[in-house]
Amino acid sequence: MDLAKLRQDAAALLADGRAGLVIGFRERAGACVPAFVTDADQADALVYDDTCIANLAAYLRKPEIRQRRPVALVARPHVMRSLILLKAEHQLQGDDVLVLAVGDDTYHGVLTLAEAERLLNETYADLATDAQVLAEIERLEQMSPEERARFWSEQFAKCTRCYACRAACPMCYCERCIVEKNVPQWISTAAAGHGNYAWNVIRAFHLAGRCIECGACEAACPQGIPLMLLNALLAREARDQFDARPGYDAEAEPVVGSWNKDDDEGFIR
Amino acid sequence: MKILDASKLSDLADTLAGAGYRVVVPVQDGDRVRYAEWSPGATIRTDAFPVNSAKDFLFPRSEVIDRYQLDGDDFTPLEVRPPAPRTVLLAVRPCDAASLAMLDTIFNWDYEDDLYNARRAATTVVPLVCTRADAQCFCTSVGGAPDSSAGADALLHPADGGSRLILEPLTDKGKALVEAAGGALADGKAAPDAPADVPARFDPDKVRAWLADNFEADLWDLLSYACLGCGACAYACPTCHCFDMQDEATRTESVRLRNWDSCGFALFTKHAGGHNPRPDQAARWRNRVMHKFSYIPERFDLVGCTGCGRCARLCPAGMAMLEACTRIEEEARKAPAHES
Amino acid sequence: MTQTSTKPDAATGADAAAQPWSPRIVAFVCNWCTYAGADLAGTSRLQYAPNVRIIKLPCTGRIDPLFILKAFEQGADAVLVSGCHPGDCHYTAGNYHARRRWGLFRRLMEFTGIDAKRLFFSWVSAAEGQKFADLINAVTDEVRQAGPFDPTNPARKRPWT
Ligand code: SF4
Ligand code: SF4
Ligand code: SF4
Ligand code: FES
């Protein structure tokens, strides 16, 4: 990948005022962490490799970041999908963001959102769910409901309700999350039992048809809870039942929130 | 000298569990290592940093602190006395043991917290000297050390090139534990291994001096751009102790819960009327640094951070206390604080 | 959620020892069709199982998945969700929206360990008093077959410790 070109582009965007901030990655003690570059001469700190999995689109919800629009983001194909979906959900204007597009060992240059949308559809139209995640979903589906309940009971028991999963997800942009609404209190605040179940199930469900499977939530979870199983299951169902392809069309209607006369109702008596 | 084979740590855990201790050890759990209650067959991992801290066993993430029964208009308070089992924190990190000074102080500051104190009194602390540290460890910058005995009732030293462990009792609780360990320990001799080399990275006094003058510094914006406002750091931190109280009621029963909370959340300071005195993440992250390196030192003559580095290891956004402090010290060097 | 239960500890099932178990089913129904259908079943004096607690909402579009979770949390053995037939929703499309949500949500429920045998969906119009009575009888029978909801299921609230 042409890292030198990426750095050059980032520096140029800042130098000529086309971007007020470049968000990318830098190396710190052997790990890849988000970098916030405001001056052209710091652009050389930018790095990129496939350990850089944070979804930087999550930063676009921070007011102090939005203030610096237009913002240029280092984005892999999944992250580009987040951006397209944010636009489809009216959270972004077309000219709020520029994309420093990376993917498949290639640096694709600086793209507008419209260009990123085209690139996605031409080159990355079939981003498949991680095979390991799919295999694990199928393994769980073979179990009895009781076994599945036990599996999730053990997983959710680890949840501390730190909400890192929510914070890391670009699509979790609600000003006040349902889990924090307490009049009435829908989801128990205790980091245990039924509250943890409801929290994790509702978090996943609020992303049904919206999760673009970047994996940032699971990577963020300090407790190692396999959140992608929930997200990928719903992504699969949204795809199979309603042809959902979130993040490929900035004009698309939301999957949950729209409907079709012919939607399946085999399960309704 | 009491010694055991390093590979026999699980036998020690077994013996102590048999002697009636709730044994808390770092164990493998999926792809993580965490402090958890020992159960036979678990794999003890002392070579990786646990994702939780020892505070989980003294100040649990959620607990019922009050309880009522309701029957129409009848209201009956119920007694809440959570169990305080005899516990040993075995092979925890010295920075975890050091954090107890902070927790002991805060839970007995203006209010004596019976729930915490009961658990604390029943706890024996046996840290394991670190012979390896990683890039996020900075205990030596905040008054700790990889072989520190602060907060310890007994100390485990790796010895003979990692093949043995020496168990050195330091307090009465530690002696009682050695007794309970009985045959799991042998009398013998072993040569303690050198503790990890953890170079000091900054001076907390300099950081504190800079903080005193720089509540409004522009640096806060820069330092906190990456912060996403979750609770991962605070919940992993051995010294963070903030909690939120929530009442949860049905028609027949009500409980008052004490849940962990974090100053990183926007809701932490948000008023009912909508105003938020810490309006952005810069203000929230500044509080995290200020609390640990200015307010706590001022009030209690302690540093509110033990340099464990957990926050940096677990932060999904790459925030790090070590990096913030070294950056602040750099800044302090550029513009020395006024003598007062 | 437990307003029709007689014993204080309905949520925790503490009354289970007192009487033989009988299914506790929560039905979330829309005001205009299924509730009217239930009314018709009542005024027509149709006999049906007494195991369903009906909670009336304006429209199936208002039935948040959280309601379903809450019901299981607070002691339901099964949940029934019902509203107007497609095309009949009094708000035009509430039921079409709901249908999509259910199609996804029931998969998530199953996947996290709530047996699909405990989640029922139906369309019952204001004129279908008989369908309502038959439905309730069938659902009650099926839940009786399935047995009580496992009190250790992670969705169920357990007594505070
Ligand atoms: S739910 Fe997880 S995988 Fe899906 S978009 Fe959000 S962070 Fe990415
Ligand atoms: S990141 Fe993990 S531990 Fe934190 S709230 Fe989400 S699922 Fe729970
Ligand atoms: S602030 Fe970070 S390094 Fe300091 S004690 Fe807390 S988790 Fe450890
Ligand atoms: S009014 Fe009955 S489903 Fe909308």
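The values are calculated or read from the model by the stated rules, or taken from the named source; none is laboratory data. Fair warning: this is a prediction, and the values are worked out from it, not measured in the lab. No Cβ is skipped: glycine too gets one built from the backbone with ideal geometry, and neighbour counts run over all protein chains shown. Surface accessibility is based on the protein's heavy atoms, side chains included, excluding ligands, DNA and RNA. Shrake-Rupley method; radii C 1.70, N 1.55, O 1.52, S 1.80 Å.
Computed over chain A, the per-residue total of -39500 (n - 2.57) for DSSP H runs of n ≥ 4 gives a 222 nm mean residue ellipticity of -11500 deg cm²/dmol, rounded to 500. For the range A:71-189, report the translational diffusion coefficient in µm²/s to the nearest whole number, using Stokes-Einstein at 4 °C, 1.567 mPa s, and a Kirkwood Rh over Cα pairs. Result for D is 74 µm²/s. Let me spell out the model: positive unit charges on the Cβ of Lys and Arg, negative unit charges on the Cβ of Asp and Glu, origin at the Cα centre of chain A. What dipole size does that give, in debye rounded to 20? Using only the charged Cβ atoms, the result is roughly 1100 debye. Taken residue by residue and averaged, Cβ atoms of other chains lying within 10 Å of the Cβ of A:230-237 number 3. Summed over both chains, the accessible area lost when A and C associate is about 4000 Å², using a 1.4 Å probe. Would you tally the net charge around C:PRO151, using a Cβ to Cβ cut-off of less than 10 Å, leaving C:PRO151 out, and scoring K and R as +1, D and E as -1? Taking every Cβ under 10 Å from that of C:PRO151, the sum is +2. If you take all other residues with their beta carbon under 13 Å from the beta carbon of C:ARG53, and give Lys and Arg +1 and Asp and Glu -1, the sum is +2. Per-residue mean of foreign Cβ neighbours for A:57-68 is 3 (Cβ atoms of other chains, 10 Å radius).
Skip the ligands, DNA and RNA, and give the accessible area per residue of the range B:2-187 with a 1.4 Å probe, whole Å².
Values: 7950 Å² over 186 residues.
Result: 43 Å² of accessible area for each residue.
Here each label is just a point 7 Å from Cα along the line to Cβ, and for A:THR129 and C:ASP134 those points are 3.6 nm apart. In the range B:291-320, the residues that give up 50 Å² or more of accessible area when the other protein chains are added, compared with the chain on its own (1.4 Å probe), are B:PRO316. Per the Debye calculation on the range A:1-65 with a single equal scatterer at every Cα and no solvent contribution, log₁₀ I(q)/I(0) for q = 0.12, 0.25, 0.26 Å⁻¹ amounts to -0.29, -1.15, -1.21.
Structure shown: which of A:LYS181/C:LYS117; B:LYS292/B:LYS334; A:LYS87/C:LYS70; A:LYS62/A:LYS87 lie over 25 Å apart, alpha-carbon to alpha-carbon?
Details: A:LYS181/C:LYS117 31 Å; B:LYS292/B:LYS334 23 Å; A:LYS87/C:LYS70 33 Å; A:LYS62/A:LYS87 16 Å.
With Cα atoms farther than 25 Å apart: A:LYS181/C:LYS117; A:LYS87/C:LYS70.
Would you mind telling me the antiparallel percentage of the DSSP bridges in chain A, rounded to 5?
Values: 14 of 23 bridges.
Within chain A, antiparallel bridges account for around 60 percent of the total.
Over the Cα atoms of the range A:131-242, the radius of gyration divided by the Kirkwood radius equals 0.95; this is the Rg/Rh ratio. The lysines whose alpha-carbon is closer than 17 Å to the alpha-carbon of B:LYS189, local same-chain residues fewer than 8 away aside, are B:LYS2, B:LYS8.
Each peptide in B:212-222, B:141-151 was scored by the mean count of other Cβ atoms within 10 Å over its residues; highest first, the order is B:141-151, B:212-222.
In summary, the aspartates and glutamates within cross-link reach of B:LYS175, defined as a Cα separation below 14 angstrom excluding same-chain residues under 8 places away, comprise B:ASP153. If I histogram all Cα-Cα distances within the protein assembly as shown using bins 10 Å wide from 0, what percent of pairs lands in each bin? Binned Cα distances yield the sequence 2, 12, 20, 23, 20, 14, 6, 2, 0, 0. Dipole magnitude for chain C: about 320 debye, using +1 per Lys or Arg Cβ and -1 per Asp or Glu Cβ, origin at the Cα centre.
At q = 0.14, 0.15, 0.19, 0.21 Å⁻¹, what log₁₀ I(q)/I(0) does the range C:64-161 have when each alpha carbon counts as one equal point scatterer in the Debye sum? Log-scaled intensity ratios, in q order: -0.59, -0.67, -1.00, -1.15. Our note on the geometry: Cα centres of the range B:62-80 and the range A:188-207, 24 Å apart. Based on alpha carbons, the Rg and Dmax found for chain B are 21.7, 69 Å.
Give the accessible surface of chain C per residue, rounded to a whole number of Å², with probe radius 1.4 Å and ligands, DNA and RNA excluded. Can you show the working numbers first?
Numbers: 6540 Å² over 161 residues.
Dividing the accessible area of chain C by its residue count gives 41 Å².
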